[in-house]
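Worksheet for the structure shown next.
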Amino acid sequence: MDLTPQGVTRAVVRRANAFGATPISSRSVLSRAVPRPGDHDGLAALRRAVGGKVVLVTGASSGIGRASAVRFAAAGARVVLVARSEELLTEVADDIAAAGGEAYVQSCDLTDFDQIDALVTKVLDRHGQVDVLVNNAGMSIRRKVQHSADRFHDFERPMHLNYFAAVRLTMGLLPRMVEREHGQVINISSWAAVLRPARFSGYAASKAALETWSDCVQGEVLDDGVVFTNVRMPLVRTPMIAPTKLYRRVPALTVDQAATVVCDAAVSRSRRVTPLVAGWVSFWESISPALGDQIRKNAI
Ligand SMILES: NC(=O)c1ccc[n+]([C@@H]2O[C@H](COP(=O)([O-])OP(=O)(O)OC[C@H]3O[C@@H](n4cnc5c(N)ncnc54)[C@H](OP(=O)(O)O)[C@@H]3O)[C@@H](O)[C@H]2O)c1
């Protein structure tokens, strides 16, 4: 057996995947999420998974959503781009078209349920189905709870966008997936849902809520060919984290690396994609919550 840290990691990941209990993706480990240069196998696998299929990505105007949409389109998917900014979405669609891909712009404020319902109708009328839904649009808040004393919206806003919007959109698209016995819902969750770090109570709770909802629904559609994948994304260098100066000194994935993680999830159809570090913390916390509290207290 290979006893180097990489070898042991690989063995743990293989064993976890084999048992299906904790399907940790080997590609999700921070240092290993780097796309291999000339990764023709990866692109070919993605082509087999999404070529000619309809992939709807929310939050496609920026960051992880934008990079993922471009990568899905490069693999031959018909990509539906959703966000509020029509101008930015059109830029992304133009880039995709210039590279020979196919993309459709659907601007929508996902905090408005009527707009979500209208989006579902338009997309199903035009494309007939959505094969892969990527619930990526989201917002984050990093604030101590005592500083939110007069700001209850610090808890309402993340729930509205990160949880209720994703549930509403999924509810709209799920019946067609079940009818066709085919589909995948990829939730761009966060390792915060596992680590539950101090100062992220509103954000982490909203991500954990979506994961829990999805896991419950998975039990109902287990035999219908529909898979829910919770991607517990680590830190990614995007406009979302730009306001936090501290993060400039902390290692983070690039958007392209994050897009690789998302696209790998479409290929593997794993139920969960968890950075190993979050998996280990979760394991130790199950043995000693007090240890988890110390990690949380010192987390960034
Ligand atoms: N960056 C990280 O370190 C990190 C780590 C873990 C998880 N994540 C998760 O990854 C996802 C993407 O984050 P990101 O870092 O790529 O952020 P980002 O660059 O700030 O992009 C956020 C996207 O969400 C869209 N959006 C925001 N509010 C919306 C609304 N009301 N209706 C429709 N679209 C809306 C934005 O487009 P418009 O403004 O045009 O609407 C934008 O396209 C989020 O769910 C985030 O929680 C990020």
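Pick out the one residue from ASP117, ASP131, ASP125, ASP109 that is of a type in the set (Asp, Glu) and more than 23 Å from the chain's Cα centre (by Cα).
So the residue among ASP117, ASP131, ASP125, ASP109 that is of a type in the set (Asp, Glu) and more than 23 Å from the chain's Cα centre (by Cα) is ASP125.
Yes or no: VAL178 away from the ligand (no atom under 15 Å from the Cβ), touching a strand residue (DSSP E or B) at 6+ places or on another chain (Cβ under 9 Å) and either more than 15 Å from THR58 (Cα to Cα) or β-branched (Val, Ile, Thr) (or both)?
Yes: the conditions hold for VAL178.
If only one of ARG78, ARG126, ARG66, ARG71 is near the ligand (Cβ under 7 Å from one of its atoms), at pLDDT 95 or above and basic (Lys, Arg), which one is it?
On the way: ARG78 fails: near the ligand (Cβ under 7 Å from one of its atoms); ARG126 fails: near the ligand (Cβ under 7 Å from one of its atoms); ARG71 fails: near the ligand (Cβ under 7 Å from one of its atoms).
Criteria check complete, one pass: ARG66.
Determine, yes or no, whether THR238 is closer than 22 Å to ASN136 by Cβ, among the hydroxyl-bearing types (Ser, Thr, Tyr) and within 10 Å of the ligand (Cβ to nearest atom).
So THR238 fits the description; yes.
Could you list all residues from the range 129-145 that are within 15 Å of the ligand (Cβ to nearest atom), surrounded by 17 or more Cβ atoms within 10 Å (Cβ to Cβ) and among the aliphatic types (A, V, I, L, M)?
LEU133, VAL134, ALA137, ILE141
Considering only residues that are hydroxyl-bearing (Ser, Thr, Tyr) and outside any loop (DSSP other than H, G, I, E, B), look in the range 50-89 and name the one that is surrounded by the fewest Cβ atoms within 10 Å (Cβ to Cβ).
THR58
Any idea which of (1) surrounded by 18 or more Cβ atoms within 10 Å (Cβ to Cβ); (2) more than 16 Å from the chain's Cα centre (by Cα); (3) within 11 Å of the ligand (Cβ to nearest atom) is the one VAL231 doesn't satisfy?
It fails just one condition, (2).
Among the residues of the range 40-48, is there at least one that is at pLDDT 60 or above, over 19 Å from the mean Cα position of the chain (by Cα) and within 16 Å of the ligand (Cβ to nearest atom)?
No, the range 40-48 contains no residue that is at pLDDT 60 or above, over 19 Å from the mean Cα position of the chain (by Cα) and within 16 Å of the ligand (Cβ to nearest atom).
If you scan the range 190-202, which residues turn out to be within 15 Å of the ligand (Cβ to nearest atom) and assigned to a loop (DSSP other than H, G, I, E, B)?
Passing the criteria: TRP191, ARG196, PRO197, ARG199, PHE200.
For the range 210-300, please list each of the helices (runs of 4 or more DSSP H) lying entirely inside it that holds at least 2 residues being among the small types (Gly, Ala, Ser) and at pLDDT below 95.
276-287, 289-298
Only residues in the range 148-172 that are within 13 Å of ALA204 (Cα to Cα) count as the first member; pair them with residues that are surrounded by fewer than 17 Cβ atoms within 10 Å (Cβ to Cβ) and among the charged types (D, E, K, R), Cβ under 9 angstrom, at least 6 apart or cross-chain, and list the lot.
Listed pairs, sorted by first residue: ASP154/ARG143.
Please verify whether the range 252-266 includes one or more residues that are more than 22 Å from VAL185 (Cβ to Cβ), surrounded by fewer than 20 Cβ atoms within 10 Å (Cβ to Cβ) and of a type outside the set (S, T, N, Q).
yes
Of the conditions (1) within 11 Å of the ligand (Cβ to nearest atom); (2) over 17 Å from the mean Cα position of the chain (by Cα); (3) not in a helix (DSSP H, G or I), VAL92 clears all except one; give me its number.
(3)
Tell me which residues, restricted to the range 188-210, are small (Gly, Ala, Ser) and more than 21 Å from GLN146 (Cα to Cα).
SER189, SER190, ALA208, ALA209
Within the range 146-167, count every residue that is polar (S, T, N, Q) and surrounded by fewer than 17 Cβ atoms within 10 Å (Cβ to Cβ).
Count: 2.
Being of a type in the set (A, V, I, L, M), free of Cβ contacts under 8 Å to residues at least 40 places away in the same chain and either within 14 Å of the ligand (Cβ to nearest atom) or farther than 24 Å from ARG157 by Cα (or both) is true for just one of ALA259, ALA205, ALA278, ALA290. Which residue is that?
ALA290
Enumerate the pairs (first residue in the range 119-140 and in contact (Cβ under 8 Å) with a residue 12 or more places away in the chain and among the basic types (Lys, Arg); second residue anywhere and assigned to a loop (DSSP other than H, G, I, E, B) and surrounded by 24 or more Cβ atoms within 10 Å (Cβ to Cβ)) with beta-carbon separation below 6 Å, excluding pairs fewer than 6 apart on the same chain, so at least 6 apart or on different chains.
Close Cβ pairs satisfying both conditions: none exist.
The values are calculated or read from the model by the stated rules, or taken from the named source; none is laboratory data. Treat the numbers as computed from the prediction; the structure is a model and nothing was measured. Virtual Cβ from ideal backbone geometry, glycine too; neighbours counted across all protein chains shown.
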